[in-house]
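Notes follow the structure.
The values are calculated or read from the model by the stated rules, or taken from the named source; none is laboratory data. Source: prediction; values computed, not measured. Heads up, the Cβs are rebuilt from the backbone with ideal geometry, glycines too, and the neighbour counts pull from every protein chain shown.
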Amino acid sequence: MTRELHGTATLLRLALKRDRVRLPVWLVAVGLLLAGGGQELAQVFSSPEERQVRATIMGQPSGIFMGGPGYGLDDYTVGAMMANEYTLFIVVAVAIMALQMAVRHTRGEESAGRIELLRSTRVGRHAAPAATTLMLIITATLIMLVCAGSMLTLDLPVRDSVAYGAGIGLQVLVFGAVGLLCAQLSTTPRGAMGLGLAVLGAAVVVRGIGDIMELHGSSLSWFSPIAWTMQTRAFVELRWWPLLPAAGLSLVLTLVAMALQSRRDLDAGLLPQRSGRAHAAGYLRGPLGLGLRLTRTSNLTWLIALILLAVTYGTLAPSMRDSFGDLPPSYQALMGGSERAVQGYLDLAMTTLACGAAALAVALASRLHGEETETRTEQVLSLPVARIRWLLSWWALALVVSATVLFLSTLVLAATTDAVITVDSVYSDLLLTWATYLPSLALLTSIAVLVYALAPRLTALAWVPVIFVLVVAILGPLLNVPSWLADLSPFHHVARLANDSAADAAALTWVTTAAVLAVALALAAFRRRDVPGR
Amino acid sequence: MPSHPRHRAATPSLDDAAPPGERAGRDECGIVGGEKSRAVEPADPADLAVDLRGVHKSFGKAHVLNGVELQIPRGVIAGFLGPNGSGKSTTIRILLGLLRADSGTATVLGREAWGDAVGAHRHLAYVPGDVNLWPGLTGGECIDLLCRMRGGTRQGAVAELTERFQLDPRKKSRAYSKGNRQKVALVAALASDAELLVLDEPTSGLDPLMEREFQEVVRRRRTDGVSVLLSSHILSEVEQLCDTVAIIREGTVVEQGRLEEMRHLTRVTIDVITAHDPALLSDAMGLHHLQVHEMAEGFHITGQVEPAALQDLLPGLHGLHVRQLHVAPASLEELFMRHYRAEPGAS
């Protein structure tokens, strides 16, 4: 066994060196998210009464699914609020980090051929997974310290903070071990990552449903490792023992992964490699079909995410209506602060969904740049495919897909709202609002395509207008953004339910004109410029 | 370069002391009369598959193409040679209309390469030097997609070529090696009914067996009247496959013509073993780079002679009691190496 571990220390140093930027970035991001988010939450919900209002919302099924099992809802302190609402997000984030780390340093290195090179030297068979396990332990410890430290900045009790940090740190080990195991099963890093994410998704869903079935968790909840961290009841009534199964599971999974490793050949996987189609489907015959095929998975993921968000917003509508008057003033301002609380709330929901659709549109349009740097654009343009057709296809794809995703999530928002509460003409009003968001989506897409056509290397700048729109839409009411600046955001001119669905038609015409101009400029620029290879 | 001893190689002597590299560098490319075989044929532009005239291209301060002249007649396989960074790929991208020439004209199959790119692309197929496929698509999907976007294939050609290149079309592209990615692009290009194939180092990832298959398919396409532009580093491949050759160096085509004509214009290498001391041989007999080694079995003489002067040399050898005589036309490698080694700007 020790022979098989030869070289572990060297590989660990190598792995630490390769992650010297990535790891600190994750640590800082987690710390900022937890400490910064906590500060903001504690400020907005500064009085116990305001927090109790929030507790009622978090006790709803959607609140439980997006948050936690609801410990401390009857006395919703800042600590209870953090543990109940932030744990899920942080755990999902660190689980993704751990999965990536485990897969990258094992299967990733193996399929890149570097493990083969290393194993031909005096490096043992188990050295790579062992070094990765040590790396995960170091990362888990650091995450624990960062999380506990972030809690301490909120003046929360030390013991609970440490337990909270340990609970999150242990999730690094659990999902790291899941990643090690998946790396044994699949032959490609992407396949292993997909398996790992599926396990994570199942853990999220099982915990959510289990907790909805029974406040503070049913027996189903306990099948999900994520529940174990939440069941420590940190900042409410701390208990340590739920952390034991997490430690045990990571140990078992790691040992299983090691055992599988010694049974298989290099580059082999335990799952059979699926072969794909020998021939392309009928629709794969032009730039548009190609674009749809390439973005299929990510489009579906976005659709599911926005629909889940729409369901959450819709089902929470009644409690928003009932508790609107008791919400903190800044929260009321976010929803237009109107008498028509539900309408204002639905406007906010639509803005959030539209921000998601805008990000999707720009992400899709930005793929033009990736296609070019990977020299695939060169191959397509050497076919009888006009540059105008290539650019317009991606522009249309980005616009149509994002508009469709927003349309479907708008329908879901209307349907779930309609199921739990009576709002007059909710379908037609929301669909009208959807239609008034289309010029904005077109403009943001066109700007992205224009930036790509003019200066492909600066394509990332296409995100600047999206971030501007997002900040003005979500934080504008809180930040008291001057009206001339807010008017610059196309989202500012859409129809609003709280405003009797009146839209600024003149402004929307301007937005549409700007979109058409931008795309025309983009076409002219793309026709003139070189499409260099790498 | 006025100070250059241009004709030094034409007046050699036994004690020519210049180091080999330098000597080769100053050599007038080994071509009789210092004239380059510029024109392939006094061609009617309509008979040319590729016609680049005076093409210049700069990227920022880097002047990559410096007046490229390249004419490829229809129906030939044209080799396109040059060291890395000499402008081969830039030339190809200009004739594909991916880059716009700063000046000069680029015509492909009678159409303007930049202005009517789509029209030209209907009749050509391209295999890039570095094939990148869509990682989530299988090889078979990529082939179908490329063929459909090009507008059709020859009947049954995809299946036949997939079989011939032993490509597994069901594998995802991300799992393919470089050679397999190249096979995907080759199958799609060779299955097309294009009139012109533009192949940028298409065999750099293929094994020798597959390279042989590739050569056979390309030869068969030529009998169908297809023109081929084959950029390659593999000189033996070009020698076996190509009818004409163009050599590019530092953004200028320095040599262009039919391979046998270029050979004809280039000195022949002789390698003789004689019993007697060849002191009588002199430069008057048209010998260049003469070297003599005394060996146990006699004297080993190597040198180069212009094809027309070979006849004059034979009487001189006659009295030396020749034991072995080997006369070889210049190989492509020799032709090429002359340009490789030549000093910058020397030509």
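With respect to B:Val184, is the statement that it is more than 8 Å from every other protein chain (Cβ to nearest Cβ), out of contact with any Pro (no Cβ under 6 Å at 6 or more places or on another chain) and under 20 Å from B:Asp224 (Cβ atoms) true?
Spelling it out, it is not the case that B:Val184 is more than 8 Å from every other protein chain (Cβ to nearest Cβ), out of contact with any Pro (no Cβ under 6 Å at 6 or more places or on another chain) and under 20 Å from B:Asp224 (Cβ atoms).
Which is without any contact (Cβ under 8 Å) to a residue 40 or more places away in the chain, among the hydrophobic types (A, V, I, L, M, F, W, C) and surrounded by 17 or more Cβ atoms within 10 Å (Cβ to Cβ), of A:Ala398, A:Ala341?
Step by step, each of A:Ala398, A:Ala341 is checked, and only A:Ala341 is without any contact (Cβ under 8 Å) to a residue 40 or more places away in the chain, among the hydrophobic types (A, V, I, L, M, F, W, C) and surrounded by 17 or more Cβ atoms within 10 Å (Cβ to Cβ).
Using the structure shown, decide if B:Met210 is within 8 Å of chain A (Cβ to nearest Cβ) and either over 27 Å from A:Thr187 (Cα atoms) or at pLDDT below 95 (or both).
For B:Met210, the condition - within 8 Å of chain A (Cβ to nearest Cβ) and either over 27 Å from A:Thr187 (Cα atoms) or at pLDDT below 95 (or both) - is not met.
Run down A:Gly108, A:Gly68, A:Gly149 and say which single residue is in contact (Cβ under 8 Å) with a residue 24 or more places away in the chain, surrounded by 23 or more Cβ atoms within 10 Å (Cβ to Cβ) and not aliphatic (A, V, I, L, M).
A:Gly68
Considering only residues that are of a type outside the set (A, V, I, L, M, F, W, C) and surrounded by 16 or more Cβ atoms within 10 Å (Cβ to Cβ), which ones fall in the range A:7-54?
A:Gly7, A:Thr8, A:Asp19, A:Gly31, A:Gly37, A:Gly38, A:Glu50, A:Arg51, A:Gln52, A:Arg54
Do any helices (runs of 4 or more DSSP H) entirely within the range A:422-534 hold 2 or more residues that are more than 14 Å from chain B (Cβ to nearest Cβ), modelled with pLDDT of 90 or more and buried (at least 22 other Cβ atoms within 10 Å of the Cβ), and if so, which?
A:426-454, A:505-528
Could you please find all residues in the range A:355-381 being over 23 Å from A:Ala442 (Cα atoms) and either more than 10 Å from chain B (Cβ to nearest Cβ) or among the charged types (D, E, K, R) (or both)?
A:Glu374, A:Arg376, A:Glu378, listed by residue number.
The rows are residues; the columns are (1) at pLDDT 85 or above; (2) assigned to a strand (DSSP E or B).
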position: B:Val254; (1), (2): yes, yes
position: B:Ala284; (1), (2): no, no
position: B:Gln291; (1), (2): no, yes
position: B:Phe299; (1), (2): yes, yes
position: B:Pro315; (1), (2): no, no
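Within the range B:58-90, how many residues turn out to be in contact with an Asp or Glu (Cβ under 7 Å, 6 or more places away or on another chain) and without any contact (Cβ under 8 Å) to a residue 60 or more places away in the chain?
Within the range B:58-90, residues that are in contact with an Asp or Glu (Cβ under 7 Å, 6 or more places away or on another chain) and without any contact (Cβ under 8 Å) to a residue 60 or more places away in the chain number 1.
Any chance you could count how many residues in the range B:118-176 are more than 9 Å from chain A (Cβ to nearest Cβ) and small (Gly, Ala, Ser)?
Residues flagged as more than 9 Å from chain A (Cβ to nearest Cβ) and small (Gly, Ala, Ser) within the range B:118-176 amount to 5.
I'm checking my understanding of the structure. Among residues of the range A:230-268 that are of a type outside the set (A, V, I, L, M, F, W, C) and more than 29 Å from the chain's Cα centre (by Cα), which one is farthest from the other protein chains (Cβ to nearest Cβ)?
Among those that are of a type outside the set (A, V, I, L, M, F, W, C) and more than 29 Å from the chain's Cα centre (by Cα), it is A:Glu237.
How many residues, within the range B:301-339, are among the charged types (D, E, K, R) and in contact with a helix residue (DSSP H, G or I) (Cβ under 7 Å, 6 or more places away or on another chain)?
4
Checking B:Ala279 against (1) outside the structural domain of B:Gly75 (by TED's automatic domain parsing); (2) modelled with pLDDT of 90 or more; (3) among the small types (Gly, Ala, Ser), which test does it fail?
If we test B:Ala279 against (1) outside the structural domain of B:Gly75 (by TED's automatic domain parsing); (2) modelled with pLDDT of 90 or more; (3) among the small types (Gly, Ala, Ser), just (2) comes out false.
Inside the range A:382-395, can you point out the residues that are of a type in the set (Gly, Ala, Ser) and more than 10 Å from chain B (Cβ to nearest Cβ)?
Result: A:Ser393, single match.
State yes or no: is A:Ser221 surrounded by 13 or more Cβ atoms within 10 Å (Cβ to Cβ) and without any contact (Cβ under 8 Å) to a residue 40 or more places away in the chain?
no
Could you tell me how many of the residues in the range A:275-297 are touching a helix residue (DSSP H, G or I) at 6+ places or on another chain (Cβ under 9 Å) and either surrounded by fewer than 12 Cβ atoms within 10 Å (Cβ to Cβ) or assigned to a loop (DSSP other than H, G, I, E, B) (or both)?
Matching residues across the range A:275-297 total 11.
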